[in-house]
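Inspection log for the structure reproduced underneath, given as structure tokens.
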Amino acid sequence: MAVQQAERRALVLGQETIDGLRTSLRGNLILPNSDGYDAARAIWNGMIDKRPTLIVQPSGVADVVVAVNFARDHDLLLAIKSGGHNVAGNAICDGGLQLDMSSMRAVHVDPQQQTAYVEGGAQWGDVDHETAPFKLATTGGIISTTGVAGLTLGGGIGWLNPKFGASCDNVLAYDIVLADGSYVRASADEHRDLFWALKGGGGNFGVVTGFLFQLHPFNHEVLAGARFYPVAKARELLNLYREVTVSSSRDVVSYCAIWLNPATGEHACALPFCHSGDPEAAEREMAPVRTFGDTDLDIFGRMPYTAWQSAFDALVPHGRHYYWKALLFTELTDAVLDTMAAHGAKKPNPNCYAVMEQFGGAYGDVGKRETAFWHRNIRHQIVIGGAWDDPSEQDRCIAWVRAFHDALAPHAATGRNLNFTIVEETEKVDRVQASYGENYTRLVQIKNKYDPTNFFRVNNNIKPTVS
């Protein structure tokens, strides 16, 4: 059906119209019958299979303007693909126009100003590679193939968030193409309302073609690793995680994960951590983790930050089927830890996982109303990930995720980190509203100003109240 819809819409547009679009672009225009169509529309979550009528791969801002104007003038749904890593599949749509930003991945570092200009199609691995020689950094994700745009526009957490804050806290300016095709810069000096909204408001306001990031002096060498244990020890490890995160410095991010042992492929639990401070302090502070019990596999050491940033890429490969649910917590009670250990032990396959993530530090220094991103008092997130390659495992994996989530939900904070929502949640207006808290009303006002027709709606949608 989707195949027919995409091809039928192309016929409705007509060859002359499509040829006109092609001649207006310097980048690529890909149709459903073009070579490379399936590769261009593919995203990280193999569970999402949609077929756009047109795929534009812009070579620069001018092409983005052309694509936005074309989609608006021809009433085409527009989806924006940066890294394509969003689990809900917001990077793609059926029957519309997919703007694939993958040709715009340049990163330009200014070591004197300690800034980096990052194009809208860049991935975090691109940023890490370019900043490392200058011993500068900013907060990225934990998977190197994650798109800078998607992560940052949704807030952005990673191994450096206690040290440098959320990714969005480090943006000095956004270059953005709006729904009317105009191109503006949003910063503390220009379009200040839009600047505020883009710090957590997602893709609701336009196509961000470039980010100007503040960078920070950073040695780019960390003490990092993980010790793997039998899954039966998960409750003990969770207790250690709680103890460590209560007292840890801003140089530390710790996770507690129930997933697989990479050496054996079997069920396991682990406590990954990253200490980005002084080497001697790192050894002292992480000693409780590094000496905890007998381990099945011990992977730790001093390493380049870029190596640690990509260490988990292989555990969540591109094209696998994923179904997530995530919850936020201001504190970890025994009931939360008991529930995570009990349900984690019931993983339907080794690729499924549950990960507890540490927030805090500089991330929490920013007031809730200072940016659109609301969750500044949150200290932990639990992500429950169903993951499978065999389609016959889908129902079991999804059922496990939902049961796990429902057991934890009574203990969780209100709202969600919207970068971790799935399709069935992005379509719930009340869920999106709750996740922005008291900032939602202001976000609607800004949406009314910059996108009153809701042209940008393939996202965690903030619906305008004007037409």
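The values are calculated or read from the model by the stated rules, or taken from the named source; none is laboratory data. Predicted, not measured: the structure shown is a model, and the values here were computed from it. With ideal geometry, Cβ positions are generated from the backbone for all residues, glycine too; neighbour counts draw on all protein chains shown. Just so you know, the surface numbers come from the protein's heavy atoms only, side chains and all, with ligands and any DNA or RNA stripped out. Shrake-Rupley method; radii C 1.70, N 1.55, O 1.52, S 1.80 Å.
Here are a few things to note about the model shown:
- Any hit, region 371-390, residues being open to solvent by 20 Å² or more (accessible area, probe 1.4 Å) and more than 25 Å from Asp169 (Cα to Cα): yes
- Region 128-153: number of residues that are more than 19 Å from the chain's Cα centre (by Cα), of a type in the set (Ser, Thr, Tyr) and part of a loop (DSSP other than H, G, I, E, B): 0
- Here Trp388 clears all of (1) in contact with a Cys (Cβ under 7 Å, 6 or more places away or on another chain); (2) closer than 25 Å to Ser254 by Cβ; (3) not β-branched (Val, Ile, Thr) except the condition numbered (2).
- Apart from one condition, Lys447 fits all of (1) touching a residue at least 40 places away in the same chain (Cβ under 8 Å); (2) part of a loop (DSSP other than H, G, I, E, B); (3) closer than 20 Å to Ala79 by Cα; (4) open to solvent by less than 30 Å² (accessible area, probe 1.4 Å); the exception is (2).
- Enumeration of residues in region 64-87 that are of a type in the set (D, E, K, R) and either in contact with a Ser or Thr (Cβ under 8 Å, 6 or more places away or on another chain) or in contact (Cβ under 8 Å) with a residue 40 or more places away in the chain (or both): Arg72, Lys81
- When Ile92, Ile55, Ile43 are checked against the criterion of being of a type in the set (A, V, I, L, M, F, W, C), touching a His at 6+ places or on another chain (Cβ under 9 Å) and within 27 Å of Ile422 (Cα to Cα), a single residue qualifies: Ile43.
- The requirement of being open to solvent by less than 60 Å² (accessible area, probe 1.4 Å) and not in a helix (DSSP H, G or I) is fulfilled nowhere in region 391-401; no residue meets it.
Residue by residue, here is whether (1) within 24 Å of Ala342 (Cβ to Cβ); (2) charged (D, E, K, R); (3) surrounded by fewer than 16 Cβ atoms within 10 Å (Cβ to Cβ) holds:
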site: Trp196; (1), (2), (3): no, no, no
site: Trp259; (1), (2), (3): yes, no, no
site: Gly277; (1), (2), (3): no, no, no
site: Glu283; (1), (2), (3): no, yes, yes
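- Against the conditions (1) open to solvent by less than 50 Å² (accessible area, probe 1.4 Å); (2) within 21 Å of the chain's Cα centre (by Cα), Ile55 satisfies every one except (2).
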